[in-house]
């Protein structure tokens, strides 16, 4: 061990708490001196379980770690001459157990259990089970594994085996609604997550080599979009790739940049050697496109597009790579993007957006080309129902062939057999009662609870102002800082939805 | 008609920042607009905040970016302003008329702005819009004459996503900031409107996309609405933006002897400041910087600050339950001590960048008193936990 200079001290930086599960986890950091300038000898990235020793002049040092969730963890230490100070970076919320560290370090599972208590439809667990389906007895969350193949005929098939429920996280974290592990072979596999009163969605799963893919469903009031208070976290099996994707999704590009180079090295080597880790390569591809690091993209984007024909992300990345080169050939780019759409939906939301944007760019510059408009048409229902804040492609709806946004699909879902308990919560009389009664009735409160699950938060807040607090739409609009006619429209729309629901339930 | 800084464009080809500011409050074809109601009105009406917000943005840039908040390498070049209603009051209180924010005027101003941006690759393009917005997969911004035709109801609606993509694809300037203060909800019935034939302001042919720094900041997240104060005034997003440009959005570590506001530090500060901004409906504000548009290189410096940077600070205690018994304080040598009485939530405050002693005291010893001495409070955002560390 090196001896510090006599008038210097040592600052040790360390990161993590469950090294076994997250051995390749990394976090971007910066170290700042009292003069607010950066300590240039400090590393830009801290690896889990690999402490770093810095020999520094005496003084106070601020260490900031940027977690993929957007959380900034700040720690400070004073280095004395000849002394040694330790700074430990830990996520603010510890994982309930080792196998979930990926979620808690990388994705900042929310604190508290408030959101978890919002589950309403626990009584629906008597719905007959279909093959291959698992259900969390605690939260009522049900999961089913699906496979998707474009040939023959764009088929979606339930997969009978490969999905295992694991409830062990829940007792230690009230926000953990369900946990499962899945065998995901190479190919397009989707997890249907439904029940618990939350909007049904289909989440793309990444193959994880010989390991099982972990999925954690957590209640999260901070989730976007606002009408969806749960987050489905999918473990990609590559911590750097997950962290980079999270940073890219958040717009935290500086942090992504710090992690990106090491992932690119890994992916470049693998693709050059035609070693099959398409997930790391795909994320590296998205990163390099963002970074405009064309000199590192080489021809391996072509390998990615050609070697993994089940993966739509490959031709998307290749097409955008070509767009960055001098004099790009629109015909070649069109062929790639049309091929990507024909393969199915990209695994990552980033790819879905780039496919949509790329096809849109082509369609606007070549409006008469039928292949482009056809490809755009094929993905349009999915882009319209997508959760754009998810890392892996996620779309809402109760049927994978009929994607719908939650405000429509929740109504649809409530009409399914086995959902009749909700009937008791919805009484058409509330509309009449509301006319002259400023205070909330029990029915109104129940309806609000129901609406809480199925409509966007803003509309819910409008309804609360009117139903609960007896405000006129004009007063509600004024209080909320929005147009009163918008409040009225939303009320009418909500009541229309309720009436439609009632009508369907009665039939 | 819409150039508000300088009096005329000198046509400089040295690196400059060029700004296009649009504030749309009057919509003749939306509710209470006085015109024939658009068939695609979606119950939208007139807005008070956007003209005020847009003027505040333009006035700040003209007053500060040319004096106290300079960027010596990329000074302010031009500010183009379109308003609806069209009355513009400058910082000195003088009024004049600028171009109405119709689609045609916006389109012309956009082309002028983009041509200026294209004069030098090191130029910075800033596009600010405050008004009605919609989003269904793509984002749309409503010009004042949105919905003026029953037969082509979307002809005066800006296809913002395509516009931004076009700029990303074909503009010459390396840095663009898109500041979008508009709703992102989706009231558009898919059955009735399977396609939204909105118009991009820029629709280049396929060509090489150069590397670019693009920073997009939006006033709300997908499927949600942006907010203005009841009764009018500057919107919450724009008010936060001006505070971040003024003092709170600086970068640390420092690169030189002055605090700089960069594309990246502005993003961090905006996200945190909006999270702290209470809205009239009881929720808190948002700033969305995610999405596909942001490509990166080295963050671009927007300007330097004339003095100390402000820092968005959060002081908490581990466990957080202790906070309702804790008196918290932040003390800087030679300055008045800031303190807060016991309360259940973490203490969010703004301090000047400096060293502070941060303390938690418990009157009845419910939890251990804690003190962090000589702590560096560095911009734009910092969280200091006391207690369990």
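What follows is calculated from the coordinates using simple rules that are stated; it is not laboratory data. What you see is a predicted model, and the numbers here were worked out from it, not measured in a lab. Note: ideal-geometry Cβ built from the backbone for every residue, glycine included; neighbour counts use all protein chains shown.
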Using the Kirkwood formula on alpha carbons, the hydrodynamic radius of chain B in angstrom works out to 22.3 Å
Calculate how large, on average over all directions, the projected area of the Cα convex hull of the stretch B:112-254 is; give the answer in nm² to one decimal. 11.2 nm²
Relative contact order, percent, of the stretch B:305-380 when contacts are C-alpha pairs under 8 Å separated by at least 6 residues? 35 percent
So if we plug the beta-carbon distance of residue B:343 and residue A:306 into 1/(1 + (r/R0)^6) with R0 = 51 Å, what FRET efficiency do we get, rounded to 0.05? 0.25
The stretch B:216-258 and the stretch B:265-312: distance between their alpha carbon centers, rounded to Å: 6 Å
Once normalised by the length of the stretch B:107-170, the mean sequence separation of its alpha carbon contacts under 8 Å that are 6 or more apart gives a contact order in percent of 20 percent
Compute the separation of the alpha-carbon centres of the stretch B:364-389 and the stretch B:1-61 and state it in Å as a whole number. 45 Å
Where does each of A:373-379, B:319-325, B:271-277 land if you order them by average Cβ count within 10 Å, highest first? B:271-277, A:373-379, B:319-325
Could you work out how far helix B:49-64 tilts from the main Cα principal axis of chain B, as a 0 to 90 degree angle to the nearest 10? 70 degrees
Quote the relative contact order of chain B in percent (integer), defining contacts as alpha-carbon pairs under 8 Å separated by 6+ residues. 14 percent
Can you report the principal axis dimensions of the stretch A:312-378 using only the alpha carbons, biggest first, rounded to whole angstrom? 27, 26, 15
Within chain B, helix-based [θ] at 222 nm, where runs of 4 or more DSSP H residues each add -39,500 (n - 2.57), nearest 500: -5000 deg cm²/dmol
Be a star and scan the stretch A:369-385 for residues whose amide nitrogen sits under 17 Å from the point 7 Å along the Cα-to-Cβ vector of residue B:196. A:377, A:380-385
With labels modelled as points extended 7 Å from the Cα through the Cβ direction, what inter-label distance (nm, one decimal) is found for residue A:151 paired with residue B:335? 6.8 nm
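Whole-Å semi-axes of the stretch B:1-124's equivalent ellipsoid, largest first, each the root of 5 times a Cα gyration tensor eigenvalue?
30, 16, 11
Order the peptides A:37-50, B:244-257 from the highest to the lowest mean number of other Cβ atoms within 10 Å of their residues.
Those peptides, ordered most packed to least, come out B:244-257, A:37-50.
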Evaluate the Kirkwood expression for the hydrodynamic radius of the stretch B:56-177, namely the inverse of the mean inverse distance over all pairs of different C-alpha atoms, and round to one decimal in Å. 15.9 Å
For the ranges B:2-11, A:289-298, B:281-290, B:67-76, what's the packing order if you count other beta-carbon atoms within 10 Å of each residue, average per peptide, and put the highest first? B:281-290, A:289-298, B:67-76, B:2-11
So if R0 is 30 Å, what FRET efficiency would residue A:50 and residue A:72 give, r being the distance between their Cβ atoms, rounded to the nearest 0.05? 0.90
So if the hydrodynamic radius of the stretch B:235-320 is defined as the Kirkwood radius over C-alpha pairs, what does Stokes-Einstein give as its diffusion coefficient at 37 °C and 0.692 mPa s, in µm² per second? 233 µm²/s
To one decimal place, what orientation-averaged projected area in nm² is obtained for the convex hull of the Cα set of the stretch A:235-333? 6.3 nm²
Dimensions of the stretch B:194-247 along principal axes (Cα, Å, largest first)? 44, 37, 18
